[in-house]
Amino acid sequence: MNIAILASGRGSNFEAIVRAVKRKKLKGAKVKLLITDRKDAYVRIRAKKLGVKDIFVDPKKFKTREGFDREVVNILNREGIELVILAGFMRILTPYFVKKFKNRILNIHPALLPAFKGTDAIERAYNYGVKVTGVTIHFVDEKVDYGPIIMQKALEIKERESLEELEERIHRLEHKMYPEAISLFIKGKLKIRGRHVKII
Ligand code: GAR
């Protein structure tokens, strides 16, 4: 299955997925390309090192968000992409994009949705004083951080844990969970029924 990863930043999830493929933990998966919306994103350096084709799509070249998404969809189609993985891609997909890849876009969020949607979720959860937070992987639909949930894992925040320590633990959990969820998708084990995702 040809996969494209869309990312805007550091790219630690991108790297975890590519390494899982290299270690044969994701049988049948090929990470064909990385698409970024930021020219200077560190994830691009990781892509070079790992030998993954990387395409920068400049948002400034498009008048509308849909214009940008149309260009991305054209690239995905040209490359024969069957599964789209959002890994810290800091743009909201337009309904055009979501329709074109219906039920074939996954996202990871560093909190237990529906809590702490949006950006800086780890920090907001930490500052809110929650005792439990975690990671969510879900299908992407038209609403932000909303689509049917595939997998959630919780972490208890330790007494006197710093934000940096919590971030580190959340990221480690993400790197373990994302390949697992992708593997379930590839094996055809995820069945969507309304808001519910059954693992068969
Ligand atoms: C990850 O923690 C991911 O869950 C988060 O961005 C980070 C990207 O890190 N995504 C969101 O907050 C989406 N709402 P990475 O670039 O090192 O993979």
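Since every read-out is calculated from the coordinates, none of them should be taken as a lab result. Computed from a predicted structure; not experimentally measured. Neighbour counts are summed over all protein chains in view; Cβ atoms, including those assigned to glycine, are modelled from backbone coordinates with ideal geometry.
In the neighborhood of R104, defined by Cβ-to-Cβ distances under 13 Å, what is the net charge if each Lys or Arg adds +1 and each Asp or Glu adds -1?
Working: positive: K99, K100, K102; negative: E82, D141.
Its environment carries a net charge of +1.
In whole Å, largest first, what are the principal axis extents of the Cα atoms in region 15-66?
41, 22, 14
Please give, to one decimal in nm, the separation of the simple spin-label points placed at S162 and K131, each 7 Å out from Cα toward the Cβ.
2.5
Separation between the K187 and E142 pseudo-spin-labels, each 7 Å from Cα along Cα→Cβ, expressed in nm?
A separation of 3.4 nm, rounded to one decimal place.
Quick one: angle between helix 163-186 and the longest Cα principal axis of the chain, in degrees between 0 and 90, rounded to 10, please.
That helix lies at roughly 50 degrees to the long axis.
For labels at I199 and K102 in the simple 7 Å Cα→Cβ model, what's the distance in nm?
Once both label points are built, they end up 2.7 nm from each other.
So which aspartates and glutamates pass the test for K60, namely a Cα distance under 19 Å, with those fewer than 8 places away in the same chain ruled out?
Reachable aspartates and glutamates: D37, D40, D69, E71.
Grab the Cα-Cα distance for N2 and K39, subtract it from 0.36 nm times how many residues apart they are, and report the gain in nm with one decimal. Write out the running numbers ahead of the final one.
On the way: separation 37, 0.36 × 37 = 13.32 nm, distance 2.37 nm.
Going from the current span to full extension adds 10.9 nm.
Got a sec? How would V52, V21 order by Cβ neighbour count within 10 Å, fewest to most? Write down the numbers at each step before the final one.
Working: V52 22, V21 19.
So the residues, fewest neighbours to most, are V21, V52.
When the scattering of the chain is computed by the Debye formula from its Cα atoms alone, each counted once and equally, what is log10 I(q)/I(0) at q = 0.10, 0.15, 0.16 Å⁻¹?
Rounded to two decimals, the profile gives -0.40, -0.93, -1.06.
Anyone know which of K30, K176, K48 comes out most mobile in the 10 Å Cα GNM of the chain?
For the chain, modelled as a Gaussian network with Cα springs under 10 Å, the answer is K48.
For the pairs K53/K102; K30/K53; K131/K153, flag any whose C-alpha to C-alpha distance is greater than 20 Å. Before the final figure, lay out the partial values.
Details: K53/K102 24 Å; K30/K53 12 Å; K131/K153 14 Å.
In this structure, K53/K102 exceed 20 Å between Cα atoms.
Share of antiparallel DSSP beta bridges in the chain, in percent to the nearest 5?
Working: 15 of 33 bridges.
DSSP beta bridges in the chain are roughly 45 percent antiparallel.
Which net charge results when you count Lys and Arg as +1 and Asp and Glu as -1 among the other residues whose beta-carbon is under 12 Å from that of D141? Can you show the working numbers first?
Numbers: positive: K99, K102, R104, K143, R195; negative: E142, D145.
The answer is +3.
Express the Stokes-Einstein translational diffusion coefficient of region 91-200 in µm² s⁻¹, to the nearest whole number, given a Kirkwood radius over alpha-carbon pairs, 37 °C and a viscosity of 0.692 mPa s. Working shown, then result.
On the way: Rh = 14.6 Å.
So the translational diffusion coefficient is about 224 µm²/s.
Taking the Cβ of each residue in D145, D58 as the centre, tally the other Cβ atoms inside 10 Å and list the residues starting with the fewest. Mind showing how you got there, number by number?
Values: D145 18, D58 12.
Final ranking by Cβ density, sparse to dense: D58, D145.
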